[in-house]
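First comes the structure, then the notes that go with it.
Each value in this text was obtained by applying a stated rule to the coordinates, not by laboratory testing. The structure presented is a predicted model; accordingly, all values stated were derived computationally and were not measured. When we count neighbours, we look across all protein chains shown, and the Cβ atoms used for this are built from the backbone with ideal geometry, even at glycine.
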Amino acid sequence: MKSVYTTEVFDAWFGSLRDRQAARRIQVRIDRVEEGNFGDCQPVGGDKSTQGKDIISALALAQQLQDY
């Protein structure tokens, strides 16, 4: 079984979701990943106008997880 680690940023975002059905669907996907089933992974994210900022944020979050 795999472990999925989250960041404070993710936890705050996930906890703030108002759409409970969406939250359940996201949790199901996380549970499947923990079981080794990555499904049909496709890239997600913003558009080219936010790409640089998104990459910087992703690298900072990845560093936090490495430090964990």
Net charge over other residues, Cβ less than 9 angstrom from the Cβ of VAL4 (K, R count +1; D, E count -1): -1
- line: Helix 51-67 sits off the longest principal axis of the Cα atoms of the chain, rounded to the nearest 10 on a 0 to 90 degree scale, by 60 degrees
query: Once you list every other residue whose beta carbon is under 13 Å from the beta carbon of PHE38, what net charge do they have if Lys and Arg are +1 and Asp and Glu are -1?
result: -1
message: Give me the net charge for the shell around LEU61: Cβ to Cβ below 13 angstrom, other residues only, Lys and Arg +1, Asp and Glu -1.
response: -3
- line: The relative contact order of the chain, taking Cα pairs under 8 Å that sit 6 or more residues apart, comes to a percentage of 47 percent
Entry for Cα extents along the principal axes in Å (calculated from the structure that is shown) out of (1) 31, 29, 25; (2) 42, 22, 20; (3) 93, 24, 13: (1)
